[in-house]
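Any read-out appearing in this document is the output of simple, stated calculations on the displayed coordinates, not a laboratory observation. Everything numeric here is computed off the predicted structure, so don't read it as measured data. Reconstructed Cβ throughout: ideal geometry from the backbone, glycine too, with neighbour counts over all protein chains shown.
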């Protein structure tokens, strides 16, 4: 078996489905193949066990312990596991091969790969991750249930940022799917405003597990209410037709453009802008921002609040992501995609002194090709229409080679507001 096949097998072992795909890859690199003939003992009762066995092919029998009538006979089959680390340092029963048997053995020295780290006990390890990974971190509570948090240094805007819900929900869904299947699209709906002061519970529903596709629904809950729902589809890599009609527009390279923070600093010192606006911008500079953004056409005048319902900017995660896993990189891109998307529909309607709000209603993404979220991606946004308090925006993301990697759509509620006060309640 090659490494990909081993990872795919491990992803179907119930014990391991709570682990990130990076752990499965590391386990696949250290497991040992063990083969047994019919009638061979794999482990013996009350004897030391080499490690944890994952049954790959064949069947095995767990024999009843002598004098223990309450211990029923048990049949082990593909994807079952037994051994050290599951029931202690010694095994409590005999395991005998009923047929030619193949197991993958994870030696005791590598048992740490089976452990997940509780959120509150992992500060040192979390500190080594870039900020966006810290935000997307989920604590596993059960096989299909995870707990997310809003760290103090996460962007919030007075409520749980929509991209955080999208990214965390997608990460939760990805943890329940075998690693060979990667998300290719999702559709999500924002239902209630999230409270930044309490955890978010993500419950994953396994709607379908086919040979090539898997479907998941994720409900994000706070205070017993569903605040966000995401439907995601995952696909195993397959060969097929290839073409690309979309062309990446010509833009300056990201290295030649000013970082968002430097642009904000210039706004703070612009004497033509109202003082209250400059004070608001100054407060934004102090908020840690996990995504590096470089606008392709930054505004060079503060006298024209109106602008075209279009925007182009380069973006990437700040810092190096800890894993090459597409599940992580696509969750990070999903997190970043909601930062400015909804507000583009407001551009033609802005006027001096006007207070506006754009609240995301739904958000959908299609992933066409593999990508890296810690390398530059060009986000091209267009809002073709706004009507009856709703704005509609479409987006395309290109890598530096000009390949179309993601397509997006979003509908947002647009309102002229007097004051926006965050509250835990309906968004509409």
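Overview of results
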item: Residue 407-residue 273 pseudo-label distance in nm [points 7 Å out on the Cα-to-Cβ vector]; result: 3.6 nm
item: The chain: relative contact order as a whole-number percent, Cα under 8 Å and 6+ apart; result: 14 percent
item: Nitroxide proxy distance, nm - points 7 Å out along Cα→Cβ at residue 61 and residue 261; result: 6.7 nm
item: Extended-chain gain in nm, criterion 0.36 nm per residue less alpha-carbon gap, residue 112 and residue 376; result: 91.6 nm
item: Percentage of interatomic Cα-Cα distances in the chain larger than 30 Å; result: 50 percent
item: Radius ratio Rg over Rh of region 214-277, counting only Cα atoms, Kirkwood formula for Rh; result: 1.23
item: Kirkwood Rh in Å, taken over all unlike Cα pairs in region 112-266; result: 17.9 Å
item: Area projected by the alpha carbon convex hull of region 145-232, averaged over all directions, nm²; result: 5.7 nm²
